[in-house]
Amino acid sequence: MKKFTRLALTTLFCAAISPLALAQVKVSDAWVRATVVQQKSTGAFMQLTSVKDAKLVDVSSPAAAIVELHQMSMTNNIMKMHAISSLDLPAGKPVMLSPGGYHVMLVDLKKQVKEGDIIPITLTIEAQDKHRETIEVKAVARPLNQAMQGMQH
């Protein structure tokens, strides 16, 4: 009986602290831009806030064949978009993934993304000690014009 009690207490303790490890990065307002028929790519957007310095080092989703972290920037009055290998998440500072800036790019979509669809996205976060955690995000598809609304100042 002592072994059972000890095992139960250990399991309870581990269950109690494991959400703390996963709660190092808070994800809020996760959404994906809906698509039109035949459109093969879209963007996913959200706000990330990390308790400690960390990096977003990988993104994936079963909704697309290719999922990448991207950055948009202005160069000589031309908007350019390119893949980046990671994104710093400074402790306590919200990092926006938004239209016109950093975002998740879903390429070669498996089907049209319609308003209201839930798109699963997995984020891989790397702490300073190189320990990695994954966060499962459920991004809601918003209307096509949502991207333009997000770009207004």
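No value in this document is a laboratory result; all are computed from the given coordinates. Just so we're clear, the structure is a prediction, and the values are computed from it rather than from any experiment. Ideal geometry is used to build each Cβ from the backbone, glycine not excepted, and the neighbour counts take in all protein chains shown.
For the range 25-151, the spread of Cα coordinates along the three principal axes comes to 44, 36, 23 Å, biggest extent given first. Taking loop as defined by DSSP and a crowding limit of 15 other beta carbons within 10 Å, which GluC sites (Glu not before Pro) in the range 26-135 fit? Within the range 26-135, the qualifying GluC sites (Glu not before Pro) (loop, at most 15 other Cβ atoms within 10 Å) are 115. One chain, two ends: residue 82 and residue 28. Fully extended at 0.36 nm per residue, the span grows by 17.0 nm beyond their Cα-Cα distance.
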